[in-house]
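So the structure is just underneath, and the comments pick up after that.
A short reminder: the numbers here are calculations on the coordinates, not readings from a lab. Bear in mind that the values here come from a model prediction, so they are computed numbers and not experimental data. Every residue, glycine among them, receives a Cβ derived from its backbone with ideal geometry; neighbour counts consider all protein chains shown.
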Amino acid sequence: INSIRGEAMREGKEEGIEEGIKKGMEKGRKEGIKEGKREDAKMMLMEGLDLNMILKITGLTESDVLELKSELN
């Protein structure tokens, strides 16, 4: 019985680690996408594109884009 419990605990731990890795990878991917959009928005701002157009293209919030704009000044 103890060996069965030990095996179940080991399997549960492995599943937990795998799930944690998957969640970490997904979070990193999402953060990478957002950072890419922020870089695109910076380029658009430097090129003088209209704020509404930048919002539409990138999907970023107005506050995100205005923050980037203030960083450029």
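Computed over the chain, the per-residue total of -39500 (n - 2.57) for DSSP H runs of n ≥ 4 gives a 222 nm mean residue ellipticity of -30500 deg cm²/dmol, rounded to 500. For residue 28, the shell of other residues with beta-carbons less than 14 Å away shows a net charge of +3, using +1 for Lys and Arg and -1 for Asp and Glu.
Taking label points 7 Å from Cα along the Cα-to-Cβ direction, residue 63 and residue 22 give a separation of 3.2 nm.
Here's the picture: charge each Lys and Arg Cβ at +1 and each Asp and Glu Cβ at -1 in the chain, and of 36, 68, 25 the one pushed furthest to the positive end of that dipole is 25. Altogether, the Stokes-Einstein calculation at 4 °C and 1.567 mPa s, with the Kirkwood radius of the chain over Cα pairs as Rh, returns a diffusion coefficient of 85 µm²/s. Seen from residue 59, the other residues with C-beta closer than 13 Å to its C-beta sum to a net charge of +2, counting Lys and Arg as +1 and Asp and Glu as -1.
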